[in-house]
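Asks: Got a structure here, written out as structure tokens. Questions coming.
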Amino acid sequence: MTAKLDPDVAAVLEADDPMADLVARHGPVTVTPAEHPFQRLVVSIVNQSISTAAADSIREDLFSAFEQPIAPEAVMEYGEEPLAAIVGGQKAEYIRNVAGAYADGVIAPDVLAEASEQAVVQALTEIRGVGRWTADMYLLFVLGREDVFPIGDLGVRRGMVAVYGDMSREEMVEKARDWEPYRSYATKYLWLEYES
């Protein structure tokens, strides 16, 4: 049986012809909560401001250094220098900050799962090394929120330009309103288009 895009999502996205083309070209996508929230957040920090190829390579090295799934306690025990040798000094600090926030209960996945988008962003961005982009990735990939549009993401913006032509960020945000309440799915299609 072939997987299909959720009918409610399809109805919204396919009302926009260019997006309907992406749905047809790339097939169904899903948005679901992460099985391993801490590890997924670490992956988002690794992915900050670097190419997909570089991120993939670092992620492989990181995953081979830790038992799966990566746990906050394991990061704290691993030590900053060996971690920095894998991910770089700044990202090692950020990953340890996040691990500490988990250990201290500042990040409580069960609480954040029930919190508003604004509350999630506020809680996460108070941690040094977690900016709005990473908070958006947490909403989308960790919590599986269906209506996230990460305008700070270069791939999303380039995907928008590829599909809709030159637009300002403001125009992109305005255009994305057409896909509410399923902007996370549209985001995934824009990434697929950009990567292809």
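Asks: Quick one: R96 ticks every box in (1) touching an Asp or Glu at 6+ places or on another chain (Cβ under 7 Å); (2) not assigned by TED's automatic domain parsing to the domain that holds D61 bar one, so which box is it?
Replies: R96 satisfies all of (1) touching an Asp or Glu at 6+ places or on another chain (Cβ under 7 Å); (2) not assigned by TED's automatic domain parsing to the domain that holds D61 except (2).
Asks: Further, regarding this structure: Looking only at the stretch 113-132, count every residue that is surrounded by fewer than 18 Cβ atoms within 10 Å (Cβ to Cβ) and closer than 17 Å to D147 by Cβ and tell me the total.
Replies: 8
Asks: Tell me yes or no: at least one residue of the stretch 84-103 is outside any helix (DSSP H, G or I) and more than 20 Å from the chain's Cα centre (by Cα).
Replies: Yes - at least one qualifying residue is present in the stretch 84-103.
Asks: On to the next question. Here are some conditions: (1) assigned to a helix (DSSP H, G or I); (2) surrounded by 14 or more Cβ atoms within 10 Å (Cβ to Cβ). I70 meets all but one. Which one does it not meet?
Replies: Condition not satisfied by I70: (1).
Asks: Among the residues of the stretch 5-12, is there at least one that is of a type in the set (V, I, T) and within 30 Å of A108 (Cβ to Cβ)?
Replies: yes
Asks: Taking the stretch 89-109 as the region of interest, how many residues are free of Cβ contacts under 8 Å to residues at least 24 places away in the same chain and not hydrophobic (A, V, I, L, M, F, W, C)?
Replies: Going through the stretch 89-109 one residue at a time, the tally reaches 4.
Asks: Somewhere in the stretch 161-184, is a residue within 23 Å of S116 (Cα to Cα) and under 12 Å from the mean Cα position of the chain (by Cα)?
Replies: The answer is yes; a qualifying residue exists.
Asks: A further question on this structure: Pull up the stretch 167-196, narrow it to residues that are polar (S, T, N, Q) and not in a loop (DSSP other than H, G, I, E, B), then point me to the one that is surrounded by the fewest Cβ atoms within 10 Å (Cβ to Cβ).
Replies: Among them, the one singled out is S184.
Asks: Conditions: (1) touching a helix residue (DSSP H, G or I) at 6+ places or on another chain (Cβ under 6 Å); (2) among the polar types (S, T, N, Q); (3) more than 17 Å from H36 (Cα to Cα). N47 meets all but one. Number of the miss?
Replies: The number of the failed condition is (3).
Asks: Please go through the stretch 67-83 and give me each residue that is closer than 23 Å to T125 by Cα and of a type in the set (D, E, K, R), ordered by number.
Replies: Matches in the stretch 67-83: E73, E80.
Asks: OK, next. How many residues does the stretch 45-62 hold that are surrounded by fewer than 16 Cβ atoms within 10 Å (Cβ to Cβ) and part of a helix (DSSP H, G or I)?
Replies: Total meeting the criteria: 7.
Asks: So Y94 ticks every box in (1) surrounded by 18 or more Cβ atoms within 10 Å (Cβ to Cβ); (2) of a type in the set (S, T, Y); (3) closer than 30 Å to L5 by Cβ but one. Which box is left unticked?
Replies: Failed condition: (3).
Asks: Could you count how many residues in the stretch 110-166 are in contact (Cβ under 8 Å) with a residue 40 or more places away in the chain, β-branched (V, I, T) and not in a helix (DSSP H, G or I)?
Replies: Final tally of qualifying residues: 1.
Asks: Could you check V42 against (1) part of a helix (DSSP H, G or I); (2) over 21 Å from A135 (Cα atoms) and say which number it fails?
Replies: Unmet condition: (2).
Asks: Out of I95, I86, report the one residue that is β-branched (V, I, T) and closer than 21 Å to L124 by Cβ.
Replies: After applying the criteria, what remains is I95.
Asks: Of the conditions (1) within 16 Å of the chain's Cα centre (by Cα); (2) under 26 Å from P69 (Cα atoms), L190 clears all except one; give me its number.
Replies: (2)
Asks: Of all residues in the stretch 142-157, how many are buried (at least 21 other Cβ atoms within 10 Å of the Cβ) and within 13 Å of A34 (Cα to Cα)?
Replies: 2
The values are calculated or read from the model by the stated rules, or taken from the named source; none is laboratory data. Keep in mind that this is a model prediction, so the values were computed, not measured. Using ideal geometry, Cβ is built from the backbone for each residue, glycine included, and neighbour counts are taken over all protein chains shown.
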